[in-house]
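Engineer: Could you have a look at this structure, given as structure tokens, before my questions?
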Amino acid sequence: MKNEASSVASIGVGVSPQSDTANMTTLKALMLVVTFAVMQMLPAAINGFPFVFFDTEGYHKAGEAVVQTIAGKPAEELIAENTGSQAQSANEETTAQPGNSENGGKFAVPMSRSPYYGIFVYVFFGVQPYLLAFFQSLIVGYAAWLTVRQLCPVDPVKPYLAAGAICALATPLPYFSTYTMPDIFAALAPICLFLLCYGRRNLSVLQQVFCWVTLAAAAAFHNSHILVIFGLLTILLFMSIWPRLRPTFSGLLVSCSAFGAGVFAVFLFAYVAFTMFGSWPQSIPFLTARGIEDGPVAELIDNDCEQHGFTICGAAPLQSRDSQHFLWHPDGFFRSSDPDTKLQLSNEDASVFLTAALEYPGMQIAASLKNSAEQFGLFGLYEFETAKRVFLEQAPLFMSEVDLKNYGDSKAVTGAYPFVALSTLIYVIAAFSLMTVFYIYASRPVSDAALALGILILATLVVNAVVCGVLSDPHHRYQARVVWLLPLLATYLVFHINQRRAGS
């Protein structure tokens, strides 16, 4: 039975094409992964369209620019199209802006939306939006399959299907795996780190490549993912002190190389943009906005800003300390500024935040702790209720007429999808899962791998809350993208201890 289960788990391992049994078991494993992915597709199917956010348009536009550049479209035409566009996002400016002389440039490319993920959005939307949702669900399904093989090697099928059903019915997973956003990769990062650092010897070369590429992609797809992965790698180094939790050196090295590749890809894009357009990419000054609402940057502006010579000094006196007002309100300082001022605000963003934090450390620490704690407890689906605004404001800018009609008829846009009720269920399941996890670890013998996975997942919840809470406004979306890892872990652990008991 054990040998059969191991054979079933051999998806991705090189097997002899002459072996009918090997082919059958590999096919069975593939069918399991597809089944898991289809489960996660159910909410999108019920909705009538994959879930879309304001930022999807920004990713689509970034991907379009990359694809057109690769296809040979002259940079001058891209500049003319983007600088002539009047499209404005409700949450951020997605249009490229002329650069100023100090930045050496004629053109500033928006940096806040990954062009790498944007390629997927642009290509899949050009064919069928559901393909992007299914593609992401398959990636999650395969990562979950590789993980359950490590914890439940005797019979991975039952816990795998049980976890897939629970996640599909009572967690945010299906909403984020079918979200046209890169958020799902934040949760895939700890899974890939676990597989590379603790299960690498049980993975085929192709499976290791899958984990490496997924981890690198997670870092390249969003800046917040970079900080989360960096935090987890730091925790892995501390785990090396305890022999039971020590990751393999080769696995840690491979993980660091994937992380480095993802970070390199971000800087590569910036360099290519500078080479093509003569100006470094422009990011949104989220840190400055966060510091205004938290207080330190607002105090800096009102009191001793001039001595530092920051561009933000021109915002005095502040009309509002609300970060959203500063960034997106028509009268907000950033939104209403000219392109040169916006570039300066972008370039000085980190300096302004750090200067203010050092001048008012008590205020910054108190605000950061408060925001992190608030972020940790926000993981409902409430932000999916913005679908009607997305449909009215952003969708017409990048969707085809057919997709726009289908999206407009979806339950999320018409207000018929029960996001509030589902959010309540998600909170209940998450709380029950957390109690289950703590109970099992406190009272039942688990393997070293199971303990390591639990620490990585729990650490992800904390690190993600700190990163998103400190650097941005607390939002349900940020924590909901990773909280589904708790029910997945709890389900695997229940089967894990049962299999260990049966084998003892």
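Engineer: For a Förster distance of 45 Å, can you work out the FRET efficiency between the beta-carbons of ASP409 and GLN307, rounded to the nearest 0.05?
Structural biologist: Computed FRET efficiency for ASP409 and GLN307 comes out at 0.20.
Engineer: Between TYR439 and LEU206, what is 0.36 nm times their sequence separation minus the Cα-Cα distance? Round to one decimal in nm.
Structural biologist: Value of the extension gain: 80.3 nm.
Engineer: Here is a follow-up. For the chain, with every protein chain kept in place, what is the accessible area per residue (1.4 Å probe, Å²)?
Structural biologist: For the chain, the per-residue accessible area is 41 Å².
Engineer: Against the longest alpha carbon principal axis of the chain, how many degrees, from 0 to 90 and to the nearest 10, is the axis of helix 184-198 turned?
Structural biologist: 50 degrees
Engineer: Given a 1.4 Å probe and the protein chains all in place, what does the accessible area of SER372 round to, in Å² to the nearest 10?
Structural biologist: The value for SER372 is about 20 Å².
Engineer: Output the 0 to 90 degree angle, nearest 10, between the alpha-carbon long axis of helix 75-84 and the longest principal axis computed from the alpha carbons of the chain.
Structural biologist: The angle comes out at about 70 degrees.
Engineer: Output the lone cysteines of the chain: those with no second cysteine's C-beta under 4.7 Å from their C-beta.
Structural biologist: When partners are defined as cysteine Cβ atoms under 4.7 Å apart, the chain leaves CYS152, CYS167, CYS197, CYS256, CYS468 without one.
Engineer: Here's something else I'd like to know. Would you kindly derive the ³J(HN,Hα) couplings of region 235-248 from the backbone phi angles with the Karplus curve 6.51 cos²θ - 1.76 cosθ + 1.60 (θ = phi - 60°), listing them in order in whole Hz, with x for Gly and Pro?
Structural biologist: 5, 4, 5, 5, 5, 5, 5, 8, x, 5, 10, 5, x, 5
Engineer: On average over all directions, what projected area in square nanometres does region 386-484 have, based on the convex hull of its Cα atoms?
Structural biologist: 9.0 nm²
Engineer: Would you work out which of PHE125, PHE54, HIS496 lies farthest towards the positive end of the dipole of the chain, given +1 charges on the beta-carbon of Lys and Arg and -1 on that of Asp and Glu, about the Cα centre?
Structural biologist: HIS496
Engineer: How much accessible surface does CYS313 have with a 1.4 Å probe, in Å² rounded to 10?
Structural biologist: So the heavy atoms of CYS313 present about 10 Å² to solvent.
Engineer: Would you work out the charge dipole size for the chain about its Cα centre, treating the Cβ of every Lys and Arg as +1 and the Cβ of every Asp and Glu as -1, and quote it to the nearest 20 debye? Spell out each step's value before the answer.
Structural biologist: Numbers: 26 positive and 35 negative charges, 526 e Å.
Magnitude of the dipole: close to 2520 debye.
Engineer: Kindly flag which residue pairs out of LYS61/LYS388; LYS61/LYS342; LYS158/LYS405 have an alpha-carbon separation exceeding 31 Å in this structure.
Structural biologist: Beyond 31 Å between Cα atoms: LYS158/LYS405.
Engineer: Moving on. Given 0.36 nm per residue, what is the gain on full extension from GLN324 to ALA431 after removing their alpha carbon distance, in nm?
Structural biologist: Using 0.36 nm per residue and subtracting the Cα-Cα distance, I get 35.4 nm.
Engineer: Counting each DSSP H run of 4 or more residues in the chain as -39500 (n - 2.57), what helix-only mean residue ellipticity at 222 nm follows after dividing by all residues, to the nearest 500 deg cm²/dmol? Please report the intermediate quantities before stating the final value.
Structural biologist: Values: 25 runs with 346 residues, N = 504.
Value at 222 nm, helices only, nearest 500: -22000 deg cm²/dmol.
Engineer: Also: Give the shape of region 449-504 as rounded, prolate or oblate, defined through the alpha-carbon gyration tensor: a ≥ b ≥ c are the square roots of its eigenvalues, a/c under 1.5 means rounded, and otherwise the shape is prolate if a/b is larger than b/c and oblate if not.
Structural biologist: prolate
Engineer: May I pose another question? For semi-axes √(5λ) of the Cα gyration tensor in Å, one of (1) 36, 25, 20; (2) 40, 26, 22; (3) 42, 31, 21 was computed from the structure I shared and the rest are decoys. Which label?
Structural biologist: (2)
Engineer: For the pair LEU30 and ILE241, what calculated FRET efficiency results from E = 1/(1 + (r/R0)^6), where r is the Cβ-Cβ distance and R0 = 60 Å, to the nearest 0.05?
Structural biologist: Plugging the Cβ-Cβ distance into 1/(1 + (r/R0)^6) gives 0.90.
Engineer: Could you work out how much longer the chain between CYS256 and GLU385 gets when fully extended? Use 0.36 nm per residue separation minus the Cα distance between them, nm to one decimal.
Structural biologist: 42.7 nm
Engineer: Over what distance in Å are the Cα centres of region 451-504 and region 237-311 separated?
Structural biologist: One Cα centre to the other: 24 Å.
Engineer: Under 5 Å between amide hydrogens, which residues at least 5 positions from GLN282 or on another chain qualify, with H placed 1.01 Å from N in the peptide plane?
Structural biologist: VAL109, MET111
Engineer: Next question. How large, in percent, is the carbon and sulfur part of the accessible surface of the chain at a probe radius of 1.4 Å?
Structural biologist: Values: 13640 of 20600 Å².
Carbon and sulfur atoms account for 66 percent of the accessible area of the chain.
The values are calculated or read from the model by the stated rules, or taken from the named source; none is laboratory data. Bear in mind that the values here come from a model prediction, so they are computed numbers and not experimental data. Backbone-built Cβ (ideal geometry, glycine too); neighbour counts: all protein chains shown. Just the protein is used for accessible areas: all its heavy atoms, side chains included, with ligands, DNA and RNA removed. Shrake-Rupley method; radii C 1.70, N 1.55, O 1.52, S 1.80 Å.
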